[in-house]
Amino acid sequence: MKLSKKEETQLMLDIFDIKEDILKMIYRSQSGHPGGSLSCANLIYILYKNVLKLKPEEPQWKERDYFILSKGHAAPALYAVLSKIGFIDKDKLMTLRAYNSELQGHPIKNEKLRIEIITGSLGMGLSIGVGCALSAKLDKKKDKYVYVLLGDGELNEGAIWEAAMSAAHYNLDNLIAIIDRNGFQIDGSTEEIMALEPLASKWKSFGWEVIELDGSNLSELIKGFNRAKKVIKKPILIISYLIKGADVSFMENTRLFHGRPPNKEEFVAAMGELEFLKDEIREGRL
Amino acid sequence: MVELSLRDVFGNLLVEFGKKYEDIIVLDADLSSSTRTSKFAKEYPNRFFNMGIAEQNMMGSALGFAISGKIPIVSGFTIFTTGRAWDFIRLACHDNLNIKIITTHSGIVGEDGSTHHALEDLSLMASLPNLTILSPADDVELRKMFEHVIEIKGPIYMRLPRGGFSRVHDDDYQFSTDHIDVLKDGSDICLMGCGYGTELAYHSVQSIEQKLNVSLKVINLSTIKPINKVKLLKHVKDLKGVIIIEEHNIYCGIGSIIAKMIAETKPLPMRFIGINDVFVESGERSELLEKYGLNENVLMEKINKLMEFTKN
């Protein structure tokens, strides 16, 4: 499916709304992870909007695709997307991380909110995805896909590579993992802390089909997911090159906003930047 | 005395229940011939998944199967399954996922030595909310427990030994997690244990009673969590003391759990038999049980001293 200019513009505007929500939520709660939420917000939105097979009126529909947010610290992005799609009330977003809120610091299973499982202890989502994909194969559900969003930093975890080995062993072509390759983890750049490169060849050597794409380009993302679904007898990895803190200039490509909320001045400046970019999109300049 | 290997019984039960419940799938970490999940693998090859020597991924996959509506039974050696994959088990417990962790080679395994003995698993597991923890005393109880394991919706951990325990139950025994399994009544001291602890208490009790002129009660604590506290305390409140016997580190095992319950209500003198916070080396299981004081003589001595203590 190729996006029309109008569709692409609307998707981009939606994504900027989501980014504003992310920043508001984190600013209000004065805790959370802006950098890794801004990087993958567009990716999660495209998944929910254009890729995942879901029934809005039936959260536990047995034929639904699964989405596992392995990088659970991007919870604000997930919640904001679920709100945009209509699965979470917008009012609820501002309760992020608050006492008595369903919107926990890291996601927990919540059938009503469409959260399949708890995540946040890093390195676990791919194994969970392997189990879901094996189960779908066992039930001969040919049209059911399992999507797992991984952070690049969490690839340091050994369990990821156990899962990678097993997915290829069991020919799980219904498992599509996506790496948010933004290049930063808490203590610094991924290459400085625990080098990942050459990343694509590592996964290829584990028996995965690897697709590399510019995750900021929505058409390319959609094309990547379509390509992934055509692969047979191999699990698929999409290395999505993204920008930590994307679209807020002083949060981009830095580790500083991995897990730190913006202060008032930073918040106001960030919202101003997002508003400016939205105008640019509306006026066709971006 | 009848003594069936509990892992053999487990293997047979998997096949039996696999037929009845099509949602059961079994995962193992390259130990299927040891854990006897190989029997299920042979019968239902499509529903058996050998995940290789990778306990974390095995457990993580079980979480995925559980959210897909299956009943995953995860097996392997006790110490590796509970230890290596603990963080995954913790998350499964958080979301109350329907996973069944049934491991063999619990307690002292024998010649394989300290890396393979599982003397810390109860500490790891008992601190997890929502988890049901079971430890059958014999093959009769294991069979009766199995129905509950499948019927209970939620995470379960069952601790099996490498070998077996001589029978303490008749065939008509009925298991319930809510029930306190009193194997023998008595009025002085209660001996309480699970697995080997139950076996030791039950089979030593007659001779110790005669030698020491004491009346002993024996409770098989096969449901380690959740324990029906009210019922359990009723059984011990009028006694002079309680002795816990466990094939586990004396810290943070069933002794610690029961001591807390008793301390909070009507405190009673308690004594503990178990592995005294050390690592255990290689050797024949019987030799090691002897060396580390999990035997009838030590039990008798503890009872004798506790009786003396209660007189003062």
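The values are calculated or read from the model by the stated rules, or taken from the named source; none is laboratory data. Predicted model only: the values in this text are computed from it and were never measured. All Cβ positions, glycine included, derive from the backbone under ideal geometry; neighbour counts span all protein chains shown. These area figures cover heavy atoms from the full protein model, side chains too; ligands, DNA and RNA do not enter into them. Shrake-Rupley method; radii C 1.70, N 1.55, O 1.52, S 1.80 Å.
Could you tell me whether region B:271-286 includes any residue that is modelled with pLDDT under 95 and either open to solvent by less than 70 Å² (accessible area, probe 1.4 Å) or not assigned by TED's automatic domain parsing to the domain that holds B:Val109 (or both)? Scanning region B:271-286, I find no residue that is modelled with pLDDT under 95 and either open to solvent by less than 70 Å² (accessible area, probe 1.4 Å) or not assigned by TED's automatic domain parsing to the domain that holds B:Val109 (or both), so the answer is no.
Scanning region A:236-263 for residues that are without any contact (Cβ under 8 Å) to a residue 24 or more places away in the chain and not in a loop (DSSP other than H, G, I, E, B) gives a single hit, A:Phe250. Exactly one residue among A:Asn42, A:Asn100 is touching a helix residue (DSSP H, G or I) at 6+ places or on another chain (Cβ under 9 Å) and among the polar types (S, T, N, Q), and that residue is A:Asn42. Got at least one residue in region A:102-120 being assigned to a helix (DSSP H, G or I), buried (at least 24 other Cβ atoms within 10 Å of the Cβ) and in contact (Cβ under 8 Å) with a residue 24 or more places away in the chain? No, that holds for no residue. Might you let me know whether region B:70-80 holds any residue that is within 14 Å of chain A (Cβ to nearest Cβ), among the basic types (Lys, Arg) and open to solvent by 30 Å² or more (accessible area, probe 1.4 Å)? Checking region B:70-80: not a single residue is within 14 Å of chain A (Cβ to nearest Cβ), among the basic types (Lys, Arg) and open to solvent by 30 Å² or more (accessible area, probe 1.4 Å).
The criterion of being out of contact with any Phe, Trp or Tyr (no Cβ under 7 Å at 6 or more places or on another chain), within 14 Å of chain A (Cβ to nearest Cβ) and surrounded by 19 or more Cβ atoms within 10 Å (Cβ to Cβ) holds for B:Ile99.
Does region A:171-179 contain any residue that is closer than 18 Å to A:Ile22 by Cα, more than 13 Å from chain B (Cβ to nearest Cβ), surrounded by 20 or more Cβ atoms within 10 Å (Cβ to Cβ) and of a type in the set (A, V, I, L, M, F, W, C)? So far as region A:171-179 goes, no, none of its residues is closer than 18 Å to A:Ile22 by Cα, more than 13 Å from chain B (Cβ to nearest Cβ), surrounded by 20 or more Cβ atoms within 10 Å (Cβ to Cβ) and of a type in the set (A, V, I, L, M, F, W, C).
Among the residues examined, A:Glu273 qualifies as without any contact (Cβ under 8 Å) to a residue 40 or more places away in the chain and either closer than 25 Å to A:Ile15 by Cβ or surrounded by 14 or more Cβ atoms within 10 Å (Cβ to Cβ) (or both). With respect to the conditions (1) free of Cβ contacts under 8 Å to residues at least 40 places away in the same chain; (2) more than 7 Å from chain A (Cβ to nearest Cβ); (3) hydroxyl-bearing (Ser, Thr, Tyr), B:Thr104 lacks only one, and its number is (1). When the residues of region A:105-117 are filtered to those that are touching a strand residue (DSSP E or B) at 6+ places or on another chain (Cβ under 9 Å) and within 21 Å of A:Gly86 (Cβ to Cβ), which remaining residue is nearest to the other protein chains (Cβ to nearest Cβ)? Checking each candidate, the answer is A:Lys109. In this entry, B:Ile53 passes the filter for residues that are more than 30 Å from A:Glu102 (Cα to Cα) and either assigned to a strand (DSSP E or B) or within 13 Å of another protein chain (Cβ to nearest Cβ) (or both).
Residue check: is B:Pro267 touching a residue at least 40 places away in the same chain (Cβ under 8 Å), open to solvent by 70 Å² or more (accessible area, probe 1.4 Å) and not assigned by TED's automatic domain parsing to the domain that holds B:Thr78? So B:Pro267 does not fit the description; no.
Here A:Glu252 clears all of (1) surrounded by fewer than 19 Cβ atoms within 10 Å (Cβ to Cβ); (2) in contact with a Gly (Cβ under 6 Å, 6 or more places away or on another chain); (3) more than 24 Å from A:Thr9 (Cα to Cα) except the condition numbered (3). Of the residues making up region A:124-165, just one is facing chain B (nearest Cβ under 7 Å) and charged (D, E, K, R), namely A:Glu162. Of the residues making up region A:219-244, just one is under 17 Å from A:Met12 (Cα atoms) and of a type in the set (Lys, Arg), namely A:Lys223.
Being out of contact with any Ser or Thr (no Cβ under 6 Å at 6 or more places or on another chain), open to solvent by 10 Å² or more (accessible area, probe 1.4 Å) and either within 22 Å of B:Ile133 (Cα to Cα) or at pLDDT below 95 (or both) narrows it down to one of B:Ile219, B:Ile257, so name that one.
Unique residue meeting the criteria: B:Ile257.
Quick check: anything in region B:113-130 within 14 Å of another protein chain (Cβ to nearest Cβ), closer than 22 Å to A:Lys109 by Cβ and open to solvent by 10 Å² or more (accessible area, probe 1.4 Å)? Looking through region B:113-130, at least one residue is within 14 Å of another protein chain (Cβ to nearest Cβ), closer than 22 Å to A:Lys109 by Cβ and open to solvent by 10 Å² or more (accessible area, probe 1.4 Å). Within region B:81-96, being of a type outside the set (A, V, I, L, M) and within 7 Å of chain A (Cβ to nearest Cβ) holds for B:Asp87, B:Phe88, B:His94, B:Asp95. With the requirement that a residue be within 13 Å of chain B (Cβ to nearest Cβ) and free of Cβ contacts under 8 Å to residues at least 12 places away in the same chain, what does region A:59-96 give you? Residues satisfying the conditions are A:Trp61, A:Lys62. Yes or no: B:Ile73 assigned to a strand (DSSP E or B) and touching a residue at least 12 places away in the same chain (Cβ under 8 Å)? So B:Ile73 passes the test. Applying the criterion of being open to solvent by less than 30 Å² (accessible area, probe 1.4 Å) and more than 22 Å from A:Leu69 (Cα to Cα) to the residues of region A:1-44, the residue that is modelled with the highest pLDDT is A:Leu13. Comparison of B:Ile150, B:Ile156 shows that the only residue that is in contact with a Phe, Trp or Tyr (Cβ under 8 Å, 6 or more places away or on another chain), among the aliphatic types (A, V, I, L, M) and farther than 25 Å from B:Glu290 by Cα is B:Ile150. Scanning region A:121-156 for residues being aliphatic (A, V, I, L, M), open to solvent by less than 40 Å² (accessible area, probe 1.4 Å) and assigned to a helix (DSSP H, G or I) gives a total of 7.
Taking region B:7-27 as the range and being touching a strand residue (DSSP E or B) at 6+ places or on another chain (Cβ under 6 Å) and either open to solvent by 30 Å² or more (accessible area, probe 1.4 Å) or closer than 17 Å to B:Ile79 by Cα (or both) as the test, the residues that pass are B:Arg7, B:Asp23, B:Leu27.
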